[in-house]
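> After the structure tokens below, expect a handful of questions from me.
The values are calculated or read from the model by the stated rules, or taken from the named source; none is laboratory data. Note that the structure is predicted; figures quoted are calculated from it, not measured. As a convention, Cβ positions derive from the backbone with ideal geometry for all residues, glycine included, and neighbour counts pool all protein chains shown.
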Amino acid sequence: MEAFPKDLIGFPQIALLKEQGQEESVTTDYTVAISSIPEFSIKSKDRRYVPFDELAEVVIKNALPLTPNLNCYHCGYSNCYAFYKEVTAGRREITDCDLYGQEGAFFELTVNGEPVQCKLFVQDVITGVVTAILKTLKIEEKHLKNVELKFSLKQESEDHE
């Protein structure tokens with residue numbers, strides 16, 4: 001395997017064998033195919049084995065778009081990587097992700113530099129409220145392409161308690 005498996009958690013992987021019997025040491029839960037470059041010509045009895053000349057088809061079939069990685073839990077999994085693992089194994093479809101292919105605005109909320117996960121309902125409410133406020137400021141919705149809102153909360157000093 002040319003990449004470091006720990007850096008590819010959640011992404012479909014292809015393991016390339018250099019030696020016979022190497023499958024267990026080079027595969028992970030995310031391995032969708034095992035092959036070998038023609039130079040080594042290793043074949044495997046593993047169900048994921050694919051001849052080298054058919055790898056392009058495997059890549060096309062298993063390429064996953066990136067989700068916003070919000071870990072929103074809508075899919076029922078604890079995080080996006082766990083969901084990707086199920087998609088990679090063929091037990092779920094990428095379209096089971098509520099945010100996959102979502103039309104409309106991209107939504108990102110951060111507090112103190114940390115991302116805050118927002119379910120679609122919350123995204124819709126915040127987007128709707130901000131859009132309504134902008135309309136009252138005479139900004140037409142058709143002119144809204146990207147809106148960024150950033151503010152700091154006033155900190156009360158401790159002597160005012």
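> Keeping to segment 29-58, report how many residues are within 20 Å of Phe83 (Cβ to Cβ) and out of contact with any strand residue (DSSP E or B) (no Cβ under 6 Å at 6 or more places or on another chain).
Total meeting the criteria: 2.
> Scan segment 129-157 and report the pairs whose first residue is of a type outside the set (Val, Ile, Thr) and whose second residue is surrounded by 10 or more Cβ atoms within 10 Å (Cβ to Cβ) and not in a loop (DSSP other than H, G, I, E, B), with Cβ atoms within less than 8 Å and a gap of 6+ or a chain change.
Glu141/Thr131; Glu141/Leu134; Glu141/Lys135; Leu144/Thr131; Leu144/Leu134; Leu149/Val130
> If you go through segment 60-87, how many residues are surrounded by fewer than 14 Cβ atoms within 10 Å (Cβ to Cβ), more than 25 Å from Val116 (Cα to Cα) and in contact (Cβ under 8 Å) with a residue 12 or more places away in the chain?
1
> If only one of Gly104, Gly128, Gly90 is modelled with pLDDT of 85 or more and exposed (fewer than 15 other Cβ atoms within 10 Å of the Cβ), which one is it?
Working: Gly104 fails: modelled with pLDDT of 85 or more; Gly90 fails: modelled with pLDDT of 85 or more.
The match here is Gly128.
> Would you check which residues across segment 56-91 are in contact with an Asp or Glu (Cβ under 9 Å, 6 or more places away or on another chain) and under 21 Å from Ile34 (Cα atoms) and list them?
Selection gives Lys85, Glu86, Val87, Thr88, Ala89.
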